[in-house]
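Have a look at the structure below, then the notes.
The values are calculated or read from the model by the stated rules, or taken from the named source; none is laboratory data. This structure is a prediction, so every number in the text was calculated from the model and none was measured. Cβ coordinates were reconstructed from backbone atoms using ideal geometry, including for glycine residues, and neighbour counts include every protein chain displayed.
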Amino acid sequence: MGFNGGLAFANSYYFATANAAEEYPPLSGEVEADLVVVGAGCTGLAAALYAARRGLSVVVLEGGRVGWGASGRNGGQMIPGLRKGAADLVRAYGMERARALLNLAFEARDLVVDLIGEHGIDCDLRTTGHLLGAVKASDPRWMEAEVECLSGMIGYPHATYLSAAEVRGMVDTPYHGAILDRGGGHMHPLNYTLGLAKAALGAGATIHEQSVVKGLTKGGRVRVETDAGAVTARHAVLAGDALLQGVARDVHGRIMPVANYVVATEPLANARDLIPSDAAVSDSRFVVNYYRLTADDRLLFGGGERYTPTPPADIGAFVRPYLESVFPALRGAALPFAWGGLVSVTQTRLPHLAKDGEVYVAHGYSGMGVVLSTLAGKLLVDAMAGEYACFDLFAKVAPPPFPGGVALRGPLHLLGMLWYALRDRL
């Protein structure tokens with residue numbers, strides 16, 4: 001497994017403000033368990049927590065440190081639902097299946113909020129809503145239709161369409177309109193992930209950091225090997241997301257790892273003037289700008305596209321033009337924190353949940369992992385216990401592999417990204 005190499009996690013705002021965390025020893029020797037989990041992000045840790053609650057013995061293997069993948073690097077935006085909107089889901093899968101998928105996805109937000117409360121996780125939770133800003137003059141048409149679809153199809157009460165003037169009262173940048181989802185919000189994702197680890201540990205799970213998985217074999221029981229040991233278990237969960245290289249190539253071929261870059265400013269005296277609503281904000285571009293305020297009044301901003309796996313030499317300088325285009329008043333503002341990470345997308349933009357024998361996998365959240373990852377970990381454990389109804393909702397719409405597999409997905413994705421970026425500009 002890789003470790004987001006060169007993406008400067010040690011220079012992230014989250015790393016600098018993380019709660020005190022236990023260091024877990026690397027795996028050593030041969031271990032037996034009911035469940036082995038590969039990856040200590042939110043998917044793996046949620047699976048470990050819910051499995052341990054059911055009385056299973058659980059071992060979690062993490063190649064780096066807890067939360068050092070996407071779970072601890074992301075924008076911290078709690079966006080209810082799925083990357084594919086309600087109207088698109090109806091067109092793709094029909095009304096009944098679309099309704100079931102959305103109802104389940106919206107439950108993910110409540111699951112996360114409830115876990116934070118139950119375990120007293122200190123992660124700067126703000127349930128102040130999520131705002132999706134309309135960049136194009138044509139966006140309000142589909143946005144209004146989307147709100148109507150959500151209301152009519154599942155009676156979702158939290159989404160509202162806002163006019164350009166109404167949006168300007170919530171965020172000090174011009175949009176043509178917006179969808180406000182009052183069920184959304186934001187949090188410190190690394191501290192949430194560290195809190196999940198503590199909860200899983202308290203339920204009886206064992207966690208090993210610095211334990212890179214070198215191979216997995218099946219045959220009656222599952223055996224997962226590292227350089228210093230191995231875990232043999234009845235079940236396995238693969239929760240490495242974009243960092244699962246080499247462990248399960250057929251699984252990895254269903255996602256495209258995409259680099260994302262984020263900055264945080266110094267504390268701003270006028271922070272609440274920039275986003276008076278304190279909502280999490282993203283926009284309608286294909287390559288999304290997304291931003292929010294932190295608990296100490298910094299602007300945390302992610303944006304920009306890059307079409308090679310090599311990170312920019314200066315991440316702050318790379319993101320700065322996108323930040324300043326949204327908030328010109330911040331031109332030249334100091335950016336003491338700048339980092340990156342890998343997010344995984346699928347062809348359909350729906351998460352990939354699957355089962356191969358006793359090996360379970362969940363990944364491909366396509367930018368919606370802050371809440372969907374926790375739900376996915378729970379659904380995998382439910383399936384292990386024979387409760388397949390919710391797991392099957394996603395498994396039956398599994399995204400196809402990228403054309404050409406791992407070898408060709410990069411060049412083909414590059415062509416697609418260039419086209420959509422050009423379309424955004426035009």
- request: Identify the residue in segment 155-167 that is of a type outside the set (Val, Ile, Thr) and outside any helix (DSSP H, G or I) and, among all such residues, is surrounded by the most Cβ atoms within 10 Å (Cβ to Cβ).
  value: 159
message: It is to be established whether one or more residues within segment 168-186 are part of a loop (DSSP other than H, G, I, E, B) and farther than 24 Å from residue 136 by Cα.
response: yes
statement: Note on segment 127-154: residues surrounded by 19 or more Cβ atoms within 10 Å (Cβ to Cβ), farther than 24 Å from residue 113 by Cα and of a type in the set (A, V, I, L, M, F, W, C) are 134, 143, 149
query: Would you pick out the residues in segment 96-154 that are among the small types (Gly, Ala, Ser) and in a helix (DSSP H, G or I)?
result: 98, 100, 105, 108, 117, 145, 151, 152
- prompt: What do you reckon, is residue 283 in the same structural domain as residue 167 (by TED's automatic domain parsing), out of contact with any Phe, Trp or Tyr (no Cβ under 8 Å at 6 or more places or on another chain) and either within 21 Å of residue 187 (Cβ to Cβ) or not acidic (Asp, Glu) (or both)?
  reply: no
task: Quickly run through segment 221-255 and pick out the residues that are part of a loop (DSSP other than H, G, I, E, B) and touching a Lys or Arg at 6+ places or on another chain (Cβ under 9 Å).
output: 221, 227, 246, 247, 253, 255
message: I need the full set of residues from segment 57-88 which are assigned to a helix (DSSP H, G or I), over 20 Å from the mean Cα position of the chain (by Cα) and buried (at least 24 other Cβ atoms within 10 Å of the Cβ), in order please.
response: none
task: Pick out the one residue from 217, 226, 206 that is of a type in the set (Val, Ile, Thr), in contact with a strand residue (DSSP E or B) (Cβ under 7 Å, 6 or more places away or on another chain), assigned by TED's automatic domain parsing to the domain that holds residue 367 and surrounded by fewer than 18 Cβ atoms within 10 Å (Cβ to Cβ).
output: 217
- request: Among the residues of segment 158-172, write down those that are touching a residue at least 60 places away in the same chain (Cβ under 8 Å) and either more than 19 Å from residue 183 (Cα to Cα) or small (Gly, Ala, Ser) (or both).
  value: 169, 172
- prompt: Restricting attention to segment 187-213, which residues are of a type in the set (D, E, K, R) and either free of Cβ contacts under 8 Å to residues at least 24 places away in the same chain or assigned to a helix (DSSP H, G or I) (or both)?
  reply: 198
- prompt: Taking residue 361, is it outside any helix (DSSP H, G or I), at pLDDT 95 or above and under 18 Å from the mean Cα position of the chain (by Cα)?
  reply: yes
query: Do we have residue 367 as free of Cβ contacts under 8 Å to residues at least 24 places away in the same chain, in a loop (DSSP other than H, G, I, E, B) and either outside the structural domain of residue 39 (by TED's automatic domain parsing) or in contact with a strand residue (DSSP E or B) (Cβ under 9 Å, 6 or more places away or on another chain) (or both) here?
result: no
field: Verdict on residue 292 being within 23 Å of residue 183 (Cα to Cα), in a loop (DSSP other than H, G, I, E, B) and touching a Gly at 6+ places or on another chain (Cβ under 9 Å)
entry: no
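Conditions tested, residue by residue: (1) modelled with pLDDT of 95 or more; (2) among the basic types (Lys, Arg); (3) at positive phi.
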position	(1), (2), (3)
100	yes, no, no
104	yes, no, no
109	yes, yes, no
112	yes, no, no
115	yes, no, no
121	yes, no, no
124	yes, no, yes
129	yes, no, yes
137	yes, no, no
